[in-house]
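Data block below; observations after.
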Amino acid sequence: MIILNGERSEVCAGESIAAVLARLEVEPQARGIAVAVDGEVVPRARWESFALRDDARVEVLTAMQGG
């Protein structure tokens, strides 16, 4: 089971970060998107090939403007 943004998800071990973003309907090319797995930011260049392991904690973050 993968934890996605703090909640259990249907994402399976072995899926890529790009696949997770597609499930969330997030465009990987969009500016201001960052992904962290187990507290470590994964570079955008690795999103297609980075396979998630079982029990991974994935956070998809978007930059926001404002104060």
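The values are calculated or read from the model by the stated rules, or taken from the named source; none is laboratory data. Given the structure is predicted, the values throughout are model-derived calculations rather than measurements. FYI the Cβ positions are ideal-geometry reconstructions off the backbone, even for glycines, and counts take in every protein chain you see. Only protein heavy atoms, including side chains, enter the accessible area calculation; ligands, DNA and RNA are left aside. Shrake-Rupley method; radii C 1.70, N 1.55, O 1.52, S 1.80 Å.
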Segment 35-55: number of residues that are free of Cβ contacts under 8 Å to residues at least 12 places away in the same chain, assigned to a strand (DSSP E or B) and of a type in the set (A, V, I, L, M, F, W, C):
1
Quick one: Val58 ticks every box in (1) within 10 Å of the chain's Cα centre (by Cα); (2) in contact (Cβ under 8 Å) with a residue 40 or more places away in the chain; (3) open to solvent by 40 Å² or more (accessible area, probe 1.4 Å) bar one, so which box is it?
(3)
From the list Val42, Val35, Val26, exactly one residue is out of contact with any strand residue (DSSP E or B) (no Cβ under 6 Å at 6 or more places or on another chain), open to solvent by less than 100 Å² (accessible area, probe 1.4 Å), under 11 Å from Val60 (Cβ atoms) and of a type in the set (A, V, I, L, M). Which is it?
Val26
Can you run down the residue pairs with Cβ atoms below 6 Å, 6 or more apart or on separate chains, where the first is in segment 8-34 and under 15 Å from Asp54 (Cβ atoms) and of a type outside the set (D, E, K, R) and the partner is open to solvent by less than 20 Å² (accessible area, probe 1.4 Å) and part of a helix (DSSP H, G or I)?
Val11/Val20
